[in-house]
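Encoded as structure tokens, the structure appears first; notes follow it.
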Amino acid sequence: MLKGCECYEEIPDRSLPYQNPVDYQAVGNWFKNIKPAEKPVCTKQDSRFSETYAPQKKKDGANSVEEKAEEFCSKMDGKTVVQAPDGIDTEFSYTELSKAAGAMWLSASIRYNSPSEKCGKSAKISKRDCINSLTKAMTTCEPNSAKTHGAALASGCIFYNITMDMSTDPNSPPWNRKARTSCDLKDVSDIQNNFLTGLYPSFCDAIKKDPTQALERTFTNTDFKNPSKRSHILNKRTPPVNNNNYPGYKFNFKWTGGDNCRMDCTEAYSSMLKDTCAQSNLVTTKASRDAGCGIYSWEVIHPPPVTCEKNKANPFAIEASKTECKWEDNCLARPQSYPKSAFLAAAHQMCYGGYDWTAKPTGKDDMAIWWQTGNYFWFDTKNIDPDTNLPAHCGGSSIGDINQWSPDSRKYCKSGPGFKNSDSKIFLTITPSKDQEGCEKLQDYNLPTKGDCEKIFASVADTCITDPNDKEQTGGFYHEKASTGCWDWWIWGIHLT
């Protein structure tokens with residue numbers, strides 16, 4: 001009833017139907033559970049390099065993502081994708097585009113323990129979800145384009161991928177490549193495969209601390225450790241080796257780092273040394289093994305090449321104008337002869353004579369330094385010692401005594417011992433290098449002996465002495481980078497004085 005009015009009218013009830021009070025806590029939880037839309041992962045492109053791509057739609061060309069996604073998702077509909085122990089996606093397909101363009105790989109992998117989805121170790125594939133995810137990933141990454149270079153998109157507990165790759169091996173998908181060895185079989189070193197067997201275990205021990213991290217180490221022959229008896233049996237046809245072999249060489253081992261690999265470091269190098277990269281018991285200069293998650297490799301770094309020197313660089317060197325002995329009463333003015341065999345015979349005498357040389361880094365002058373480890377020998381190049389198949393050693397040495405001749409080959413000389421009937425005289429010495437750049441600190445050097453010593457001098461003879469009639473080919477030196485500094489191993493022909 002309204003005041004001031006004589007009559008009243010009942011107001012009709014126009015209120016809304018009854019509603020329960022709003023549960024704001026439930027609304028808050030609902031908003032909390034709303035997840036942002038997943039963002040696709042796009043393959044980065046670089047126009048400087050050749051491209052590997054596939055058509056997006058059927059109208060864009062054959063083997064399009066649209067066509068292959070329908071095939072793949074139809075085939076996978078209702079299947080369960082799981083996390084395999086080795087990390088390999090268990091559901092995928094690939095289409096080879098061409099040898100030049102590679103292949104298009106479509107895959108579905110589990111988002112194992114994804115925090116947002118609380119995923120477990122398996123998830124079921126839906127055809128509709130599969131097609132929609134692959135299409136959205138492709139068109140979002142490269143909108144208004146007729147081609148795709150690869151993309152991926154997560155949907156629920158599954159990650160759908162379009163991967164473009166040059167690999168066309170169905171047993172070696174891009175995300176988990178099959179382990180394989182690569183090397184240049186035309187570039188073979190002179191290093192026996194069982195020598196690397198004594199080096200790589202130390203490298204693998206270092207990798208074990210954290211295999212996911214990259215690592216690189218360089219070793220020398222002094223790092224060699226005798227492999228196990230089992231390893232020796234595997235290489236029983238290969239001559240034995242030790243840490244005196246291959247002086248001057250360096251051996252670089254490298255690992256790029258990775259996780260969930262198909263093989264560990266030991267398995268990788270062991271298989272490489274049984275592969276074609278170590279055929280005929282010699283290893284290639286470089287080799288690598290793709291373990292599916294990273295790459296193991298080795299490189300043999302050869303020592304510096306031999307330097308051949310003209311006679312003007314060598315004290316007492318023979319000269320083209322002086323082909324006969326200086327003093328007639330000493331050598332009867334016989335012609336001088338300097339074939340390579342004379343240099344090899346001198347190397348044998350120097351290294352097997354039991355001198356136990358210790359090279360010193362200093363002396364009162366250059367000549368004193370030359371003589372610290374210097375020695376010379378006379379030979380009769382016309383008569384051969386059958387024990388060595390080298391020219392007979394007829395004349396004494398400047399250091400030591402006659403009993404140190406190895407072997408005692410005087411009886412094979414034409415007129416018995418002595419330098420009077422010799423026709424070749426070779427000088428050898430080991431001196432500190434003038435250039436010590438990049439070398440260790442100079443210190444006393446206990447020189448290698450026997451075969452390891454002989455090999456170094458022989459390398460100079462093989463390189464520098466090619467024509468015995470060329471008096472300019474007098475010898476040269478080998479530059480060795482040792483742990484005691486850098487040293488030059490000299491060998492050359494000198495006057496028969």
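Exactly one residue out of 114, 98, 107 is hydroxyl-bearing (Ser, Thr, Tyr), under 41 Å from the mean Cα position of the chain (by Cα) and at pLDDT 80 or above: that is 107. Restricted to region 122-134, and to residues there that are under 42 Å from the mean Cα position of the chain (by Cα) and of a type outside the set (A, V, I, L, M, F, W, C), the residue that is nearest to residue 67 (Cα to Cα) is 133.
Restricting 167, 189, 172 to those that are outside any loop (DSSP other than H, G, I, E, B) and among the small types (Gly, Ala, Ser) reduces the list to 189. When residues in region 295-310 are screened for being closer than 18 Å to residue 277 by Cβ and more than 12 Å from the chain's Cα centre (by Cα), 1 of them pass. Does region 335-345 contain at least one residue that is at pLDDT 80 or above and farther than 23 Å from residue 449 by Cβ? Taking every residue of region 335-345 in turn, at least one turns out to be at pLDDT 80 or above and farther than 23 Å from residue 449 by Cβ.
Residue by residue, here is whether (1) buried (at least 17 other Cβ atoms within 10 Å of the Cβ); (2) part of a helix (DSSP H, G or I) holds:
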position: 181; (1), (2): yes, no
position: 194; (1), (2): yes, yes
position: 204; (1), (2): yes, yes
position: 213; (1), (2): no, no
position: 216; (1), (2): no, no
position: 227; (1), (2): yes, no
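As a summary of the residue check, residue 460 satisfies the conditions (1) of a type in the set (A, V, I, L, M, F, W, C); (2) at pLDDT 80 or above; (3) under 20 Å from residue 380 (Cα atoms) except for the one numbered (3). Looking across region 435-486, the residues that are of a type in the set (A, V, I, L, M) and part of a loop (DSSP other than H, G, I, E, B) come down to 442, 447, 465.
Pairs meeting the criteria (first residue in region 192-215 and outside the structural domain of residue 254 (by TED's automatic domain parsing), second residue of a type outside the set (D, E, K, R), beta carbons under 7 Å, at least 6 apart or on different chains) are lacking.
The values are calculated or read from the model by the stated rules, or taken from the named source; none is laboratory data. Computed from a predicted structure; not experimentally measured. Reconstructed Cβ throughout: ideal geometry from the backbone, glycine too, with neighbour counts over all protein chains shown.
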